[in-house]
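Colleague: Submitted below is the structure of interest, expressed as C-alpha cells.
The values are calculated or read from the model by the stated rules, or taken from the named source; none is laboratory data. None of the values given here were measured: they were computed from a predicted structure. Cβ placement follows ideal geometry from the backbone for every residue including glycine, while neighbour counts extend to all protein chains displayed.
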Amino acid sequence: MLGEVVCDFLRECGLEPVGPLTTVEDACEVANHHQLDGAVLDLKLGRNLCFPVCALLDARGIPFIFLTGYGDLSMIPMEFRTVPVICKPFESGEMKSALAAMLRLEEGLCVSDPASSLRN
C-alpha cells in the first residue's frame with residue numbers, strides 16, 4: 001500500500017514510476033532491462049533486502065535513494081552508505097529535494113521531463 005502512495009507522489013512530481021515492485025527478483029529484472037533515470041528503493045522488498053538491486057543500478061550508473069522505516073541503518077553495505085536515505089513517513093519537501101538532487105535538477109523543481117522514469 002505504501003508503494004502505491006510513493007508512486008502517486010512521484011506522479012504528482014511529474015515522474016513516471018515503474019512499479020511498485022515488491023520483490024527483489026522483479027526489481028532486479030527492471031534494473032537490468034529498463035531505461036531508468038533513477039530509483040527509489042525501500043530497503044526491504046518482500047522478505048529480502050534490496051542490495052542486489054542496488055548493485056545492478058550502480059553498475060549501470062543509475063542513481064537511487066533509499067526509502068525506509070528502519071531506524072538502524074547499519075545493515076546498509078559500506079559501498080552504499082553515501083546513498084541518500086529518506087525515512088518513512090517522508091515529508092514531501094524532503095523527498096522532492098532528494099529527487100531533484102538524484103536527477104540533477106534545479107532545487108525546487110521536481111522534474112523537467114515528464115517522461116522521466118523511476119522505479120519503486
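Colleague: Search the range 12-26 for residues being over 17 Å from residue 86 (Cβ atoms) and assigned to a helix (DSSP H, G or I), and hand back the single one that is farthest from the chain's Cα centre (by Cα). Explain how you work it out, then say what you get.
Modeller: Let us first name the residues in the range 12-26 that are over 17 Å from residue 86 (Cβ atoms), namely 14, 16, 18, 21-26.
Remaining after also requiring assigned to a helix (DSSP H, G or I): 24-26.
Working: 24: 13, 25: 16, 26: 14 Å.
Taking the candidates together, the pick is 25.
Colleague: Looking at the range 78-115, which of its residues are surrounded by 12 or more Cβ atoms within 10 Å (Cβ to Cβ), modelled with pLDDT of 90 or more and not hydrophobic (A, V, I, L, M, F, W, C)?
Modeller: Within the range 78-115, 84, 94, 96, 97 meet the criteria.
Colleague: Right, another one. Answer yes or no: is there a residue in the range 4-11 that is at positive phi, in contact (Cβ under 8 Å) with a residue 12 or more places away in the chain and surrounded by fewer than 18 Cβ atoms within 10 Å (Cβ to Cβ). Explain how you work it out, then say what you get.
Modeller: Initially, the range 4-11 is screened for residues at positive phi, giving none.
Among the residues of the range 4-11, not one is at positive phi, in contact (Cβ under 8 Å) with a residue 12 or more places away in the chain and surrounded by fewer than 18 Cβ atoms within 10 Å (Cβ to Cβ), which makes the answer no.
Colleague: Name the pairs: first residue in the range 84-100 and closer than 10 Å to residue 65 by Cβ, second residue of a type in the set (A, V, I, L, M, F, W, C) and assigned to a helix (DSSP H, G or I), Cβ to Cβ under 6 Å, at least 6 apart or on different chains?
Modeller: Listed pairs, sorted by first residue: 84/98; 86/95; 86/98.
Colleague: Quick check: anything in the range 55-65 part of a helix (DSSP H, G or I), touching a strand residue (DSSP E or B) at 6+ places or on another chain (Cβ under 9 Å) and farther than 19 Å from residue 2 by Cβ? So that I can check it myself, show each step before the final result.
Modeller: Taking the range 55-65 and keeping what is part of a helix (DSSP H, G or I), we get 55-59.
Narrowing further to those that are touching a strand residue (DSSP E or B) at 6+ places or on another chain (Cβ under 9 Å): 57-58.
Applying the additional criterion that residues be farther than 19 Å from residue 2 by Cβ yields 57-58.
For the range 55-65, residues part of a helix (DSSP H, G or I), touching a strand residue (DSSP E or B) at 6+ places or on another chain (Cβ under 9 Å) and farther than 19 Å from residue 2 by Cβ: present.
Colleague: Is it true that some residue in the range 26-35 is free of Cβ contacts under 8 Å to residues at least 24 places away in the same chain, farther than 13 Å from residue 64 by Cβ, of a type in the set (D, E, K, R) and surrounded by fewer than 20 Cβ atoms within 10 Å (Cβ to Cβ)? I'd like the intermediate steps shown before the answer.
Modeller: Of all residues in the range 26-35, those free of Cβ contacts under 8 Å to residues at least 24 places away in the same chain come to 26, 29, 33.
From the residues that got through so far, the ones that are farther than 13 Å from residue 64 by Cβ too are 26, 29, 33.
If we keep only those that are of a type in the set (D, E, K, R) too, we end up with 26, 29.
Filter once more, so that each one left must be surrounded by fewer than 20 Cβ atoms within 10 Å (Cβ to Cβ): 26, 29.
Within the range 26-35 (the criterion being free of Cβ contacts under 8 Å to residues at least 24 places away in the same chain, farther than 13 Å from residue 64 by Cβ, of a type in the set (D, E, K, R) and surrounded by fewer than 20 Cβ atoms within 10 Å (Cβ to Cβ)), the answer is yes, since at least one residue qualifies.
Colleague: Separate question: Output the residue which, of all residues in the range 67-77 that are at pLDDT 90 or above and in a loop (DSSP other than H, G, I, E, B), is nearest to residue 13 (Cα to Cα).
Modeller: Per the criteria, the residue is 76.
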